[in-house]
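To start, the structure under review is shown below, and the notes come after it.
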Amino acid sequence: MAQIFYKYQGTGNDFVMIDNRLQTFDKNNTKQVAFLCDRRFGIGADGLILLENHSDYDFKMVYYNADGNESTMCGNGGRCLVAFAKHLGVIKDKAIFEAIDGIHHATIKNDVVSLQMLDVDSVEDHKTHVFLNTGSPHHVQFEDKIEDFDIKNLGAKIRYGAPYNSEGSNVNFVKKISDSNFRLRTYERGVEDETLSCGTGATAVAIAMHYIGETEKNTIDLDVEGGKLQVSFNVENNSYNNVWLIGPANFVFKGEI
Ligand SMILES: N[C@H](CCC[C@H](N)C(=O)O)C(=O)O
């Protein structure tokens, strides 16, 4: 029987989306997920996301990186899943759903999705870089030549090197434009390449810049390769809460294999 696949993208971070409310998708078939995400032999995407039923919330999110392995929270993917849920009629203009890192609230207006991210209570300032977890692990460091540097090699070296090693981390390179605007490029774990945008990465950069005193703003615009995201938060004695990731989430196509 043919399986229906959708494609959504949020500022260039793209995902194969599957309505798995009938639990028909083989979740243990890593090779099948990697095939579907393969940009030559398959549909092509940075990740694959299942929409599933949930007894207490609007739906459940299951996220896989392009390497086929289930992974931690995907901010852009969560935003795209809210748009997908609306398309399917599962929600109207707001959602509460469960993901691997907990419960998320979201709203959608036209094609813009606002997704509440988890609170961040621990930020590590290592001077050369900042490390924090915004639902996925993120290493953040400045890069003056952000428009032209070898992100794939430098990103891989950091991602596989100590202290991250095999578990790894996503790696974000940032340049300050103003107190309320930063540009970032991200090497993503599990894609093992640069992605045009990383939602948990943009969230990590915004919080990191505030934490190290690069800005006192709590609404920050993030320029990513695939567009623009906005992150807002409240701060209470170095704990970040009411954290929101805002940006477009667009339907690309529906097809079957
Ligand atoms: N590759 C990430 C998960 C997806 C993060 C990114 N796509 C986002 O929008 O947050 C990881 O394995 O930690």
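For the chain, leaving out every one of the trypsin sites (Lys or Arg not before Pro) that falls in a DSSP loop and has at most 14 other Cβ atoms within 10 Å, the longest unbroken run is 146-257. Of the three principal axes defined by the Cα atoms of the chain, the extents in descending order read 54, 36, 27 Å. Compactness of the range 123-247 was expressed as the Cα radius of gyration divided by 2.2 N^0.38 Å, which yields 0.96. Accessible surface of residue 35, taken over heavy atoms with a 1.4 Å probe and every protein chain present, rounds to 80 Å².
Restricting attention to the range 19-176, close to 75% of DSSP beta bridges with both partner residues there are antiparallel.
Taking only protein heavy atoms into account and a 1.4 Å probe, give the accessible area per residue of the chain in Å². Mind dumping the intermediate values first?
Numbers: 11590 Å² over 257 residues.
Value for the chain: 45 Å² per residue.
A straight Cα-to-Cα reach below 16 Å connects residue 109 with the lysines 86, 92, 94, residues fewer than 8 places away in its own chain not being considered.
Return a whole-number percent for the relative contact order of the chain, with Cα pairs under 8 Å and 6 or more residues apart as the contact set. The value is 22 percent. Helical runs (DSSP H, four residues minimum) scored at -39500 (n - 2.57) apiece and divided by the length of the chain put the mean residue ellipticity at 222 nm at -5500 deg cm²/dmol. Modelled spin labels at residue 167 and residue 39, positioned 7 Å past Cα toward Cβ, are 2.9 nm from each other.
The values are calculated or read from the model by the stated rules, or taken from the named source; none is laboratory data. Remember, predicted model here, so these are calculated numbers, not experimental data. Here Cβ is always computed from backbone atoms with ideal geometry, including for glycine, and neighbour counts include all displayed protein chains. Protein only, heavy atoms only, side chains kept; ligands, DNA and RNA dropped before computing areas. Shrake-Rupley method; radii C 1.70, N 1.55, O 1.52, S 1.80 Å.
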